[in-house]
Amino acid sequence: MEKQSADTMINDRFEAFHIKDIVEENNTLYHYHSFYEIHCTLKGSAVFFIDGGEFPLEPGTIILIPPNVLHRIVHQTSDFFERTYLYINPSYLAALSTTQTDLTACFRSNGGINSRILSIDADQLDQLLRPLRKKTDSNYGTDLLYQNHLIAFLISINTIAYQEKEPLFLSDSLYKNKDILAAITYINQHLTADLSLETVARALFMSPYSLSRTFKKETGVAFHAYVVKKRLLKSKEILRKTRSATATFEACGFNSYTHFLRCFKQEFQLTPKEFLQEEAQNQFVRFTHFAGKK
């Protein structure tokens, strides 16, 4: 499994990117990162993978992705595809929030996936994003004005999310194979239990061979690699709370402390101790991909 790493946030607060290009399926990678992402589709259409489900992107679609959630643009379904990405440092977003106005609320799950999917009028979305697409400079006050634009955008998105009446669930995914939906749901609900291929296949009344082959075909990721990655992402959440690697490895499903340390270092290029030190220094720029083809 080939891995690529890159630092994508230029500063430690937020970045906005406006993109018009062709999405080639063979060049897109399943990935996750340590900051919030807001993916806004302005023109064209595509299919987006989010932590176990595939969903259509149409003009006006907004995907709100918390840190450490697997996602990927699977393929483009139109000749033209225009979108805007926003990357936001979690500590920065928390600092902008108040007891009355929690700007992180819109990222909380509203269904069987760990992200929120909103749909609004495409022209309305374009108007909301327009101030954030302006080029910034070093003139006096420009940074604060841009920050105000970001806050206004986030308030609007949270308001839309709060008023949403028909949330999308994992069952609304484009996946036709219900066995894979069941497998992903089972994995997500049993991260601390035995998740060997044989055990999960037995629970789903499938043969191990069929589950392994179908899982890789539908998701682009090998079954065991997906389980390990989900457990490692969960371990980061637990580490932040417990501050202890020994208290974390069993809580995220690893049977051996040594195995957990080896997998953690291999995945994140950091030991758990180094990870906690980096987080304390507010360095939220580590961005890891892992390849997978459908």
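Of note:
- Any hit, the stretch 87-96, residues being within 19 Å of residue 41 (Cα to Cα) and outside any loop (DSSP other than H, G, I, E, B): yes
- Positions within the stretch 250-277 being in a loop (DSSP other than H, G, I, E, B) and farther than 18 Å from residue 187 by Cβ, in sequence order: 256, 269, 270, 271
- Of all residues in the stretch 208-238, those satisfying the criterion of being over 16 Å from residue 253 (Cβ atoms), among the hydroxyl-bearing types (Ser, Thr, Tyr) and either assigned by TED's automatic domain parsing to the domain that holds residue 74 or surrounded by 14 or more Cβ atoms within 10 Å (Cβ to Cβ) (or both) are 212, 214, 219.
- Within the stretch 71-110, being modelled with pLDDT under 90, among the charged types (D, E, K, R) and buried (at least 16 other Cβ atoms within 10 Å of the Cβ) holds for one residue alone: 72.
- Residue in the stretch 250-260 that is among the aliphatic types (A, V, I, L, M), farther than 30 Å from residue 91 by Cβ and touching a residue at least 40 places away in the same chain (Cβ under 8 Å) present: no
- The lone criterion from (1) under 29 Å from residue 231 (Cα atoms); (2) modelled with pLDDT under 85 left unmet by residue 23 is number (1).
The values are calculated or read from the model by the stated rules, or taken from the named source; none is laboratory data. Keep in mind it's a predicted model, so treat the numbers as computed, not measured. All Cβ positions, even for glycine, are placed from backbone atoms using ideal geometry, and neighbour counts span all protein chains on display.
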